[in-house]
Each structure stands twice: as C-alpha cells, then as structure tokens.
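Have a look at the structure below before the remarks.
The values are calculated or read from the model by the stated rules, or taken from the named source; none is laboratory data. Values in this document were obtained by computation on a predicted structure and should not be read as measured data. Reconstructed Cβ throughout: ideal geometry from the backbone, glycine too, with neighbour counts over all protein chains shown.
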Amino acid sequence: MSSRDNLENLLKSLNYLKEENNGIPIIVEGKNDIRALRRLGFNGEIIKLPRNLSLENFCRLLSQRYNNVILLMDWDTKGRRNILILTKYLRHYGVSVNIDFWKLCFSLASRMSNVEGLPAAFEAIEAERDIALRI
C-alpha cells in the first residue's frame with residue numbers, strides 16, 4: 001500500500017469516527033482533548049475522565065448509560081495504561097469498546113503523542129495528501 005493510500009485510509013477513518021461519535025460517546029483524558037476533537041469537527045458527546053472517581057467506578061457509571069463507547073487516550077505510557085484498564089472494566093460491565101482509531105493513530109505515534117496533537121497532525125496529513133495529488 002502506498003503512502004498516499006495510507007493517508008487516504010487515515011482520513012477515511014477519521015471521518016468514520018466522526019459519524020460514529022454522533023451516537024457513541026468518545027472518552028478522553030482531558031479538556032484539551034475535547035477541544036482538539038471539536039476543532040476536528042466532532043459534534044457528538046465527548047466525556048473526560050474524572051479526577052475524583054476511580055476508573056472502575058467511572059466504568060460502572062458509564063455502563064448504566066451506554067452500551068458502546070469509543071476510547072481515545074494519549075499514546076504515552078499513561079494513555080496505554082488507561083486503555084487497558086478502561087477496556088477491562090467496561091467489558092466487565094457489558095459495554096462494547098472501540099479502540100480501532102486509537103490503534104491506528106498509535107501506529108503513527110511519531111507524528112503525534114497525544115490527542116491534543118491530532119489537529120496539527122491531520123493538517124499536515126491533508127497538506128501531504130494535497131501535494132501527493134498534484135504529483
């Protein structure tokens with residue numbers, strides 16, 4: 001698969017996630033992550049991890065309200081740990097967890113290390129795509 005195809009697939013995945021977010025909440029680590037996703041055009045519900053609640057209790061509360069969630073944590077050690085713990089607890093409580101976009105972005109961690117960096121990374125990807133289309 002060419003670099004151009006990879007860029008197209010990444011952009012398609014971003015647009016798919018935006019559509020999914022219209023009915024499924026995205027769970028992020030902080031308020032700057034919410035701002036970054038809004039900047040990218042996400043209009044659905046985005047929930048920040050609480051600071052005053054254990055991850056297990058947070059997942060229990062989510063399970064009372066949602067059947068499906070999308071996890072989008074940073075790609076650092078803490079984010080990877082949060083993905084593992086949240087996935088474990090949410091599945092325990094019967095919630096379907098989507099981490100596909102997180103995994104895809106994890107493969108591009110050299111371009112970005114956190115959710116806040118997504119807008120700049122996608123702007124760069126769009127610019128590369130535009131250049132590739134002209135060649």
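Annotations
- Residue match in segment 22-32 (condition: of a type in the set (Lys, Arg), touching a strand residue (DSSP E or B) at 6+ places or on another chain (Cβ under 7 Å) and modelled with pLDDT of 95 or more): yes
- For beta carbons closer than 7 Å, sequence separation of 6+ or different chains, a first residue in segment 78-95 that is more than 13 Å from Phe58 (Cβ to Cβ) and a second that is of a type outside the set (A, V, I, L, M, F, W, C), the qualifying pairs are Gly79/Glu29; Gly94/Ser63.
A quick yes/no check of all residues on (1) among the acidic types (Asp, Glu); (2) buried (at least 19 other Cβ atoms within 10 Å of the Cβ):
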{"residue": "Leu17", "(1), (2)": "no, yes"}
{"residue": "Asn22", "(1), (2)": "no, no"}
{"residue": "Val28", "(1), (2)": "no, yes"}
{"residue": "Asp33", "(1), (2)": "yes, yes"}
{"residue": "Arg51", "(1), (2)": "no, no"}
{"residue": "Asn67", "(1), (2)": "no, no"}
{"residue": "Lys78", "(1), (2)": "no, no"}
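- Residue count, segment 64-81 (criterion: among the polar types (S, T, N, Q) and either touching a strand residue (DSSP E or B) at 6+ places or on another chain (Cβ under 7 Å) or part of a loop (DSSP other than H, G, I, E, B) (or both)): 2
- Hits in segment 21-41 - residues which are touching a Leu at 6+ places or on another chain (Cβ under 8 Å) and β-branched (Val, Ile, Thr): Ile26, Ile27, Val28
- Among the residues making up segment 36-49, a single one is free of Cβ contacts under 8 Å to residues at least 24 places away in the same chain and either assigned to a helix (DSSP H, G or I) or surrounded by 17 or more Cβ atoms within 10 Å (Cβ to Cβ) (or both): Arg38.
- Residue check for Leu108: assigned to a loop (DSSP other than H, G, I, E, B), at pLDDT below 95 and within 21 Å of Leu17 (Cα to Cα): yes
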